[in-house]
Structure formats: C-alpha cells, structure tokens
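**Q** Before we start, here is the structure in question, set down as structure tokens.
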Amino acid sequence: MDHELCAACDFDGAAYGPSQLLDAIRELGPQWRRLLLDAGDDLRLRPAPETWSALEYAAHIRDVTALHVFGVEQALTIDEPRFPEIAGSELVERAAASYDSEEPGVVGMELEDQARKLADLAQASGPASWSRGITVGGSRSDVRFLLEHALHDSHHHLVDVKNGLVIVRARWY
C-alpha cells in the first residue's frame with residue numbers, strides 16, 4: 001500500500017495507525033480554529049501576493065476536506081465509483097475568489113465540522129473497509145489514502161500559514 005508522503009512538511013501517512021489517523025483528522029478543526037484566533041488582525045494579510053492568507057488557506061482546507069468527505073462516502077457506499085477528472089486549478093481559483101471575505105469563526109466551525117464528519121464516516125465503516133476505492137479521472141484512491149491525503153493537505157497548509165504569519169508579522173516589527 002502506498003502512503004501519502006511529503007518531504008516539504010515531513011508528513012508520512014504510514015506513521016499513523018487507524019485510530020491515530022482518525023484522532024489527527026478530528027484535531028484539524030481545533031488546530032485551525034486556534035490558528036485563526038491567534039492570527040488576530042493578520043489573518044487576512046498575505047505574506048506575498050501569490051501566497052494565500054491564513055483565512056484563505058483555512059477556507060480552502062474546509063472545501064478540500066468536504067471533497068474528501070464526499071469521496072470517502074462514495075467509496076464506502078458505491079462499489080468502485082468512477083468520476084470524471086476534476087479541473088482542480090480552475091475549481092480552486094473560482095472558490096478562492098471569495099475566501100478573503102469569509103467570516104473566520106464560520107470558516108473554523110465549518111472546517112471542524114467537515115473534519116469530524118470525515119473521521120466519523122471512516123470510523124463507522126471500520127479500517128477493514130478502507131481498501132474500498134474511488135476513481136477520479138484515471139486515478140484510483142482507496143479510503144485510507146483519501147484520509148491520509150486530507151490530513152496531509154491540512155497539515156501542509158498549517159505549516160504554510162505559520163510560516164506566512166511569521167513573514168507578515170516581521171513587516172510590522
């Protein structure tokens with residue numbers, strides 16, 4: 001089985017057993033809510049023109065986690081569902097157009113809700129069902145990989161936001 005790996009943020013999906021993976025996913029909401037609260041007035045500031053603000057990243061992760069909820073639900077309820085390729089960058093660009101105007105408290109609560117749904121769905125089905133798959137375009141993923149990917153994406157962007165806030169705050173001090 002392939003696991004989600006990322007040298008840039010030191011993520012290794014193989015390091016998580018089933019219960020640790022679900023606990024880590026459930027912790028995403030509280031982590032993002034704390035980060036948004038701690039960001040204070042800096043949460044809408046971009047560290048660079050092409051780099052999202054803390055709020056924009058949080059809204060993106062909320063949406064990505066919701067997509068993972070959908071994918072896991074489909075994989076667990078339909079035998080090997082198939083979907084057409086997603087125009088990822090175009091979809092992200094359209095969604096991101098309004099991210100900076102969203103309410104941080106709402107984004108945090110919605111992100112937490114989606115992360116909890118994802119973990120609850122996977123827990124209810126049990127790890128034995130995590131080999132069930134879904135194909136998007138020409139790429140098949142199983143439930144376990146989708147869970148790891150959701151956790152990795154969020155973890156990676158938490159690192160991005162923390163680094164971005166350091167840059168934003170350095171401008172003012």
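The values are calculated or read from the model by the stated rules, or taken from the named source; none is laboratory data. Given the structure is predicted, the values throughout are model-derived calculations rather than measurements. So basically every Cβ, Gly included, is an ideal-geometry build from the backbone, and we count neighbours across all protein chains shown. SASA here: full protein model, heavy atoms, side chains in, ligands and nucleic acids out. Shrake-Rupley method; radii C 1.70, N 1.55, O 1.52, S 1.80 Å.
**Q** Between the stretch 42-67 and the stretch 1-16, how far is it from one alpha carbon centroid to the other, in angstrom?
**A** For the stretch 42-67 versus the stretch 1-16, the Cα centre distance is 22 Å.
**Q** May I have the pair-distance distribution P(r) for the stretch 72-127, computed from all Cα-Cα distances with 5 Å bins from 0 and rounded to whole percent?
**A** The distribution over the stretch 72-127 is 4, 14, 14, 16, 21, 18, 10, 2, given as percents.
**Q** With a probe of 1.4 Å, find how much accessible area the stretch 1-51 has per residue, and write the answer as a whole number in Å².
**A** 59
**Q** Test of understanding: in a Gaussian network model of the chain with alpha carbons linked when under 10 Å, which of Gly13, Gly108, Gly126 would top the mean-square fluctuation ranking?
**A** Fluctuation is largest for Gly126.
**Q** For the stretch 51-154, take the convex hull of the Cα atoms, compute a quarter of its surface area, and give me that in nm², please.
**A** So the mean shadow area of the Cα hull is 6.6 nm².
**Q** Further, regarding this structure: Please state the equivalent ellipsoid semi-axes for the stretch 126-168: what are the square roots of 5 times the Cα gyration tensor eigenvalues, largest first, in whole Å?
**A** After diagonalising the Cα gyration tensor, the semi-axes are 31, 13, 4 Å.
**Q** With a Förster radius of 22 Å, plug the Cβ-Cβ distance of Phe70 and Glu90 into 1/(1 + (r/R0)^6) and report the FRET value to the nearest 0.05.
**A** After rounding to 0.05, the efficiency reads 0.75.
**Q** Sort Ile134, Ile86 by heavy-atom solvent-accessible area, probe 1.4 angstrom, most to least.
**A** Ile86, Ile134
**Q** What are the ³J(HN,Hα) couplings of the stretch 133-140, residue after residue, when phi is run through the Karplus curve with 6.51, -1.76, 1.60 and θ = phi - 60°? Round to Hz, x for glycine and proline.
**A** x, 9, 10, 10, x, x, 10, 9
**Q** May I ask you to give the percent of accessible area on the chain that is carbon plus sulfur, with a probe radius of 1.4 Å?
**A** It is 55 percent, rounded to a whole number.
**Q** Can you list, largest first and rounded to whole Å, the semi-axes you get for the stretch 9-84 by taking the square root of 5 times each eigenvalue of its Cα gyration tensor?
**A** 29, 17, 12
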